[in-house]
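A single structure is presented below for examination.
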Amino acid sequence: MSKFRWIEFLATKLQSTMFQVIGAGVLVLAACRSVQEPVLDPGWSELDAAQPLGKAACIDLALRSAPNAAAWQARTRAAQAALSQAGRLPNPDLELAFEEIDAFHNHARPFVQTSSLAYALEALAGRRRKQAAANFDALAEEASLAVDRQSIAAAVSLAYDQLWFARERVDRIEDQLALARQDREATGDLIAAGLLAQVDQQKADTEVLAVQAEWAHARTDARVLELELAFALGFERPVELTLADPPAPVTDFEAFDLEGMLRTAADQRPELVAAKARYQAQLERLHLEASGLRFLPRVNLGYRTESGKPTLVGTLGVELPVFDTGKDALAAQNAALLGAAAEMRRAANQVASEVCRAEAAFRAARSYLEEYAQPLAEQRDELAIQTVELFRAGEVSFREMLSARRDAVQEQIRLLDAQAALAAARVQLEAALGSYSVPTKLAPESLPASDLER
């Protein structure tokens, strides 16, 4: 077969292949136009609240609840799609040109037909930088997801402890109410015996009413906290929650000094990982802009038929830096990198501030509990015991004995409030250290060092 026959044969095959590609592309695009609306899973049912729930189980329910799971799944899919898209080669452009079409004469005249594929070298040459930036973007999104998960876990842990202490407070006030009622009955007996005035009965009734009001208020607070926790876990209707475990003993943070806590937070807090990844992604984009790849030529290769005779054609297209040399775009990328560096420093300062404030609040809460609340409660209990013994010996009155017992109960309530404050401070400190972080793997392993450290 002659050389001309080979060219004609290849041109015919190329033309047939191009039209097949166009037809297949149209069919694929038509098939991809269908839209499927998402359907979220239902919320947790009453059966999920039937058994006693520990703190770990509550955190798990909150993390797996339908809104949270769907939102994180959407962000995960978007990040994975962006990362996958960045790793794909750009598509070429198919160009069909028809020239010298004689539309003004009656006789037929052959026209010139050109079919070619165009490819921008900039898209190919900058692919590795774009892929590296997308990889860092995925790492940043992964860390952002961990931030959200940590926030929810810490909030649920705090709500769990608050509800438990609120219910304990209701029980303590019930004890105080029982003592107030005993005092009222004793007052009535003493008035009947002529030992007290009628105004003392009014005082006793007022005391019972005041304690009842405090008890009702405490019950309302506990119910509100229960509703808040239930909806935070993913329940869509009010349910009654049974807490399986009391708050865990206060973690002993004395083993770490403040500098050790700061180092722990620097290693565990996902906010710092996200800020660093965003900086690295912006650095890759700056390198890409500074490389000047946008001025690489656009290559166009194809064939042309004129009077039935095929020939090969090739063109180059280059953007001329006459009016826009890319200096402004480079300045914008430099400014974005400076902003990313500032955000990285701001994130580090914010983490350090949160750790220091949480550590100070934790130490203050524990100091108050150990130095004041607990000793006072123990002394009130001891006084109540001694007063009961004196009453049995006939040395103090019944009302004095009840008053000592009421003071002991009231001190137990204050001790409970101090314990609740310390538990809340512990949760805040653990959150500041990053103890509630739940990592989510989105990005693949880093690109080779030769690609990222250029």
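The values are calculated or read from the model by the stated rules, or taken from the named source; none is laboratory data. Keep in mind the model is a prediction, meaning the values are calculated, not measured. Note that each Cβ is placed from the backbone with ideal geometry, even for glycine, and that neighbours are counted across all protein chains shown. All accessible areas refer to the heavy atoms of the entire protein, side chains included, with ligands and DNA or RNA removed. Shrake-Rupley method; radii C 1.70, N 1.55, O 1.52, S 1.80 Å.
Of all residues in region 191-209 being part of a helix (DSSP H, G or I), of a type in the set (A, V, I, L, M, F, W, C) and free of Cβ contacts under 8 Å to residues at least 24 places away in the same chain, which is least open to solvent (accessible area, probe 1.4 Å)?
Ranking the qualifying residues of region 191-209, first place goes to Ile191.
Now, a different point. Which of the residues belonging to region 155-185 are of a type in the set (A, V, I, L, M, F, W, C) and more than 40 Å from the chain's Cα centre (by Cα)?
Scanning region 155-185 gives Leu177, Ala178, Leu179, Ala180.
Anything in region 377-394 that is modelled with pLDDT of 90 or more and either open to solvent by 80 Å² or more (accessible area, probe 1.4 Å) or not in a helix (DSSP H, G or I) (or both)? List them, or say none.
Result: Glu378, Gln379, Arg380, Glu382, Leu383, Ile385, Gln386, Glu389.
Now a separate question. In region 284-342, what count of residues is obtained for those that are in a helix (DSSP H, G or I) and not charged (D, E, K, R)?
Matching residues across region 284-342 total 20.
Among the residues of region 416-451, write down those that are in a loop (DSSP other than H, G, I, E, B) and at pLDDT 90 or above.
Answer for region 416-451, where residues must be in a loop (DSSP other than H, G, I, E, B) and at pLDDT 90 or above: just Gly434.
Just checking, how many residues over region 380-411 are in contact (Cβ under 8 Å) with a residue 24 or more places away in the chain and not small (Gly, Ala, Ser)?
Residues meeting the conditions: 12.
Among (1) under 29 Å from Leu422 (Cβ atoms); (2) modelled with pLDDT under 90; (3) of a type outside the set (S, T, N, Q), there is one condition Ala178 misses while meeting the rest; what is its number?
Tallying (1) under 29 Å from Leu422 (Cβ atoms); (2) modelled with pLDDT under 90; (3) of a type outside the set (S, T, N, Q), Ala178 fails exactly one: (2).
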